[in-house]
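FYI, it's all coordinate maths here, none of it is from the lab. Not measured: the values here are computed from a predicted model. Here the Cβ positions follow ideal geometry from the backbone for every residue, glycine too, while neighbour counts run over all protein chains shown.
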Amino acid sequence: MIDPGHSAALGSLLRDESRVLNNPQVVERLSRDFYWYSPVLRKQLDGKVGDLVVQPVNVGEVQRLLRYCHAHNLAVTVRGAGTGNYGQAVPLQGGVVLDLSGMDRIEEIQPDGVAVCQPGVRLGTLETEARKSGWELRCYPSTIVKATIGGFLGGGSGGIGSVAHGALRDFKTVRAIEVVTMEAEPRVLRHESDIATDPTWIKRLVTTFEWPIPSFFTPVRQYAPQGEALIFFLIASEQLAALESTVREAGGEVSYSGKYLGVRTIPLLSDYTWNHTTLWALKSDPAYTYLQCGFDPDTVREQMRRLRERFGQEILFHMEFMKNSEGRVIPGAIPLVYYTSEERLNEMIGFCREIGVFVANPHVNNVEGGGRYRADNVQLLAKHRYDPRGLLNPGKMATFQPDAAVAETATTR
Ligand SMILES: Cc1cc2nc3c(=O)[nH]c(=O)nc-3n(C[C@H](O)[C@H](O)[C@H](O)COP(=O)(O)OP(=O)(O)OC[C@H]3O[C@@H](n4cnc5c(N)ncnc54)[C@H](O)[C@@H]3O)c2cc1C
């Protein structure tokens, strides 16, 4: 518990001090994300809350808040919409929750299709705005309606559009990013990437379903004749005729096609894809959880056969196709897993890795364990550069130790 005096002090750094929230229910709600999809994380993270929430609306306020928190050694956990699945937005050591959802201005959508935004802009809002001038997001998560740009960059990977444009980190989708450092004098650092060269701004989603399609997919089942596979596509309307003839040539049929109706809160087609699949399953039976996998395009059938042989219906395949950084379309997957114990879950993860299936483990709460940690330690080096005291989201990087000199000067709360 931090000293209650910090609340008023933090309020004085904002233009409007009512943007410091202390109500315990509100603080609790804004300390949670969707970690509860994992029974393992549920055990670790239930009950973890911040001490208060601050809601800055511009970079100057963020810098002032971080300067104060650095001076008083207060932990800070940044938050967008809190739809992450790894417990990334859950404060492990209390402290301040920095809610950036109020920084929600779209600065501009340039004629060449580059959007310049504050981090709290909701992806759905940006998609709707972009479409007004003929553009669309290259890729977005199935949580498009709620999720923010900052949260997608900080905690997401890809989604709808990734079969054409790869993951968020690929093909220079992110042109530039500004970060505020956690130092005595927080700096704003700008990083730029080169301009992307891919001119095909066509979003595609490819998701496959095969019978038996579980009952919690009722809306999907109505379009899939019993015993046949169903493939979802999301494509540009001018490609529909070509798709239809390809489908006919392959002996299939188009069981439904409809126009894109914009971002809505009622379920979209994309609400039955990516990790929304897990949400429907959990609503039907809370024993379900999930994995995030990448199959080998050359041996995917054999890999699936071996998993089915070993784990039977404990694993339900749900494939999503996406382009990897080398430009090859690979079968990704967010399979559902019927959870019985942590040991069994780890056995499944171990077996996947043994047979060459990549797993980004969504049941761990640190960067190293998630499967995306790089051998050149670039994430750890960045942590030392931007946050040498380790006050940002502490506990989420297992190998991080505060710089020795910095640790000595650390004051108490
Ligand atoms: C049903 C469901 C489906 C999902 N489908 C997908 C999917 O298809 N693809 C996908 O990639 N993800 C998916 N996710 C995960 C998540 O919804 C997305 O990654 C989303 O973009 C996160 O955005 P957010 O604003 O909710 O971030 P938050 O959960 O608020 O934050 C995520 C992380 O980013 C950090 N962060 C937030 N804002 C900033 C900032 N401005 N600066 C620095 N760090 C920041 C937080 O500290 C946290 O570590 C899904 C989740 C659910 C529950």
Between S245 and V329, the FRET efficiency computed from the C-beta separation at R0 = 25 Å comes out, to the nearest 0.05, as 0.75
Connecting every pair of Cα atoms under 10 Å apart in the chain and solving the GNM, the largest mean-square fluctuation among D285, D99, D387 falls on D285
Checking the stretch 238-295 for GluC sites (Glu not before Pro) in a loop per DSSP with at most 15 other beta-carbon atoms within 10 Å yields E253
As straight-line cross-link partners of K48, the qualifying lysines (C-alpha separation under 18 Å, not fewer than 8 residues apart within one chain) are K396
Volume per residue (Å³) of the convex hull spanned by the alpha carbons of the stretch 117-262 is 145
Residues whose modelled amide H sits under 5 Å from the amide H of T77, counting only those 5 or more places away in sequence or on another chain, are V96, V97, L98, N393
The ³J(HN,Hα) series, computed from each phi in the stretch 365-375 with the Karplus coefficients 6.51, -1.76 and 1.60 at θ = phi - 60°, rounded to the nearest Hz and given as x for glycine or proline, is 10, 10, 4, 5, x, x, x, 10, 6, 9, 5
Which of I266, I334, I315 fluctuates most in a GNM of the chain (C-alpha springs under 10 Å)? That residue is I266
Per the 1/(1 + (r/R0)^6) rule, R0 = 22 Å and r from the Cβ atoms of E178 and R131, FRET efficiency to 0.05 is 0.30
Cross-link reach from K383 to aspartates and glutamates, straight Cα distance under 17 Å and at least 8 residues apart if same chain, gives E178, E183, E185, E368, D403
Magnitude of the Cβ-charge dipole (Lys and Arg +1, Asp and Glu -1) of the stretch 173-298 about the Cα centre, nearest 20 debye, reported as 500
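How many percent of all Cα-Cα pairs in the chain sit more than 28 Å apart?
Tail fraction, whole percent: 51.
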Taking Cα atoms, the helix 300-311 axis meets the longest principal axis of the chain at an angle in degrees (rounded to 10) of 80
Karplus-derived 3J(HN,Hα) from phi for the stretch 45-53 (6.51 cos²θ - 1.76 cosθ + 1.60, θ = phi - 60°), whole Hz, x at Gly and Pro, runs 10, 3, x, 7, 9, x, 8, 7, 10
Candidates G134, G159, G11; GNM for the chain (alpha-carbon contacts under 10 Å) flags as most fluctuating G134
Summing -39500 (n - 2.57) over every DSSP H run of at least 4 residues in the chain and dividing by its residue count gives a helix-only mean residue ellipticity at 222 nm, to the nearest 500 deg cm²/dmol, of -7500 deg cm²/dmol
Site H384, offset 7 angstrom along Cα→Cβ, radius 19 Å on amide nitrogen, limited to the stretch 327-367, gives 367
Listed by chain and number, the residues whose amide H is under 5 Å from that of L291, excluding neighbours fewer than 5 places away on the same chain and using placed H, are V337
For the stretch 227-326, whose charge dipole is built from +1 on Lys and Arg Cβ atoms and -1 on Asp and Glu Cβ atoms, the candidate among A250, A287, I235 with its Cα farthest towards the positive end is A287
Non-local residues with an amide H under 5 Å from the amide H of M322, with H modelled 1.01 Å from N and Pro and chain starts lacking one, are I330, G332
